[in-house]
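Each remark here refers to the structure printed beneath this line.
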Amino acid sequence: MCIGCKACEVACKEWNSVPEDGLDFTAMSFDNSVGLGADTWRHVAFVEQRRPLGHQDAGVGRPAPVDLGMPSTELPGAYTGEEEREEFRWLMASDVCKHCTSAACLDVCPTGSLFRTEFGTVVVQQDICNGCGYCVSACPYGVIDRREDDGRAWKCTMCYDRIGDGMEPACAKACPTDSIQFGNLDELRERAAARLEDLHGAGVSSARLYGEDPGDGVGGNAAFFLLLDEPEVYGMPPDPVVTTRDLPSMWAHAGLAAAALLVGAAAAFAGRRR
């Protein structure tokens, strides 16, 4: 499980030369990157909840307070509310571009800057991008964004250069807990399903997989997640749908409207000539 170390964020920036995007205090717990964007291709979300994490026993007892021999009226750690700490939990998740099977950003790109790789991922070619921003509004997850200095679109490439050389993405390589795993998609789905079953067996009934279903509104994602609460809690849409799904019917209706307009204009013109 993700422990919120942000090693993936750092590795992503270092390998892909992603610019630093601010280390400001946001008043949102320890989350200094807030969300995905042109200069944040990996985002570790920190969600604080006043709720226990199921009924699991970590097997580690709390040590008794130790008297350090320092002059004080009370022992260190006493009266700090430690008896209530089990009612609080962190939800952490390392978010990234989902590399959708049905990617709306691909559908709307007028220059062919976005393309589907041989690995099934979606990559932006910055030397072709004209900065139109169509892909930004088309993404159902709000992943892709334009940089302020040059206007071009940027997002995670799933380290296309690394996997092309037989290496795993930098984020997966840097993850100390193997929370981020890379491999064959079917094998990852099986592994995730087994982990989900373990969590349910341990009493974490709220655990769920997000984005692994090929039958969902985007045809399934190449990057999917094991969540411990509703997707909205992590800032993810509960039922994402490819935003270009209705384009064929929209064009059909537009064509019918245009044809009707032409027929009406022709009829009016013919009536005037009489």
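The values are calculated or read from the model by the stated rules, or taken from the named source; none is laboratory data. Owing to the predicted nature of the structure, the values given are computational and were not obtained by experimental measurement. Using ideal geometry, Cβ is built from the backbone for each residue, glycine included, and neighbour counts are taken over all protein chains shown. Only protein heavy atoms, including side chains, enter the accessible area calculation; ligands, DNA and RNA are left aside. Shrake-Rupley method; radii C 1.70, N 1.55, O 1.52, S 1.80 Å.
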* Within the range 132-147, identify whether any single residue is part of a loop (DSSP other than H, G, I, E, B), basic (Lys, Arg) and surrounded by 13 or more Cβ atoms within 10 Å (Cβ to Cβ), and answer yes or no. => yes
* Asked: Checking Met250 against (1) modelled with pLDDT under 90; (2) open to solvent by less than 70 Å² (accessible area, probe 1.4 Å); (3) not hydroxyl-bearing (Ser, Thr, Tyr), which test does it fail?
  -> (2)
* Looking only at residues in the range 5-35 that are aromatic (Phe, Trp, Tyr) and part of a loop (DSSP other than H, G, I, E, B), which one is nearest to Leu91 (Cα to Cα)? -> Phe30
* **Residue in the range 182-201 that is surrounded by 15 or more Cβ atoms within 10 Å (Cβ to Cβ), under 13 Å from the mean Cα position of the chain (by Cα) and either of a type in the set (Val, Ile, Thr) or not in a helix (DSSP H, G or I) (or both) present** => no
* Quick one: Pro214 ticks every box in (1) without any contact (Cβ under 8 Å) to a residue 24 or more places away in the chain; (2) outside any helix (DSSP H, G or I); (3) open to solvent by 60 Å² or more (accessible area, probe 1.4 Å) bar one, so which box is it? -> (1)
* Asked: When Val47 is evaluated against the numbered criteria (1) at pLDDT below 85; (2) over 25 Å from Trp154 (Cβ atoms), which criterion, by number, is the only one it fails?
  -> (1)
* Asked: in contact with a Pro (Cβ under 9 Å, 6 or more places away or on another chain) and closer than 26 Å to Pro19 by Cα: does that describe Cys159?
  -> yes
* Asked: Pairs, please: C-beta under 6 Å, at least 6 apart or cross-chain, first residue over 13 Å from Asp95 (Cα atoms) and in the range 171-190, second assigned to a helix (DSSP H, G or I) and open to solvent by 50 Å² or more (accessible area, probe 1.4 Å)?
  -> none
* Structure fact -> Those residues of the range 216-240 which are under 16 Å from Pro140 (Cα atoms) and acidic (Asp, Glu) amount to Asp216, Glu232, Asp239
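Does Ala172 qualify as being part of a helix (DSSP H, G or I), touching a Leu at 6+ places or on another chain (Cβ under 8 Å) and aliphatic (A, V, I, L, M)?
Taking the combined requirement at face value, the residue does not satisfy it.
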* Structure fact -> Within the range 1-36, the residues that are in contact with a Phe, Trp or Tyr (Cβ under 8 Å, 6 or more places away or on another chain) and of a type in the set (Gly, Ala, Ser) are Gly4, Ser29
* To do: Determine whether the range 151-166 contains at least one residue that is open to solvent by less than 50 Å² (accessible area, probe 1.4 Å), basic (Lys, Arg), at pLDDT 95 or above and assigned to a helix (DSSP H, G or I).
  => yes
